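The values are calculated or read from the model by the stated rules, or taken from the named source; none is laboratory data. Model, not experiment: these values are computed from the prediction. Counting neighbours? That spans all protein chains shown, and the Cβs are built from the backbone with ideal geometry, glycine included. These area figures cover heavy atoms from the full protein model, side chains too; ligands, DNA and RNA do not enter into them. Shrake-Rupley method; radii C 1.70, N 1.55, O 1.52, S 1.80 Å.
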Amino acid sequence: MDPDDSDFDENSNKYWRWFDEHWNAMKVLAALEKATSKTGRPRWVNYRVPVQDGLTLHLNVVGYGNYDTGIFAYSLIRRGYRHGVRIVGTVRSEPGLNVMAIYDK
């Protein structure tokens with residue numbers, strides 16, 4: 001798909017809207033645990049978070065392998081989804097955010 005194509009934005013919006021409509025924190029937890037079961041603790045995880053119609057924020061979360069998968073996944077994915085989190089980071093274009101710290105809400 002050519003980014004200069006007029007259909008690019010529409011197709012991109014449809015793509016990300018599908019994830020927004022089908023989000024399930026427990027399935028994401030299971031996928032992360034399965035993905036790291038053979039490689040060990042997660043070093044990084046990237047997320048796309050819907051922020052407004054068709055616009056997503058790219059979150060880059062780096063754990064450097066310092067956290068057990070269950071703690072990393074549960075605290076970030078499950079608790080974050082249920083209770084919300086406060087994120088400190090550096091903003092970059094895309095839009096994107098390099099996460100430096102995450103706090104419970």
How far is it, in nm, from the label point at A30 to the one at R86 when both lie 7 Å from their Cα along the line to the Cβ? 3.4
Of all stretches in the chain that avoid chymotrypsin sites (Phe, Trp or Tyr not before Pro) placed in a DSSP loop and having at most 11 other Cβ atoms within 10 Å, the longest is 65-105
Roll a 1.4 Å probe over the protein heavy atoms and report the accessible area of D9 in Å², nearest 10. 100
When the solvent-accessible surface of protein heavy atoms is calculated with a 1.4 angstrom probe, in what order do T39, T69 fall, highest first? T39, T69
Would you check the accessible area of V88, probe 1.4 Å, heavy atoms only, in square angstrom rounded to 10? 70
Just to confirm the number: angle between the C-alpha axis of helix 8-21 and the first principal axis of the chain, 0 to 90 degrees, nearest 10? 40
How many nm is it between the label spots at E21 and S37, if each spot is 7 Å from the Cα in line with the beta carbon? 3.1
For Rg and Dmax of the Cα atoms in Å, one of (i) 12.9, 34; (ii) 13.2, 37; (iii) 15.0, 44 was computed from the structure I shared and the rest are decoys. Which label? (iii)
For M26, M100, give the ranking by accessible area with the largest first, probe 1.4 Å. M100, M26
So if I place +1 on the C-beta of Lys and Arg and -1 on the C-beta of Asp and Glu, and nothing else carries charge, what would the dipole magnitude of the chain be about its Cα centre? I want it in debye, nearest 20. 920
Which FRET efficiency, nearest 0.05, do D104 and E10 yield, Cβ-Cβ r, R0 41 Å? 0.65
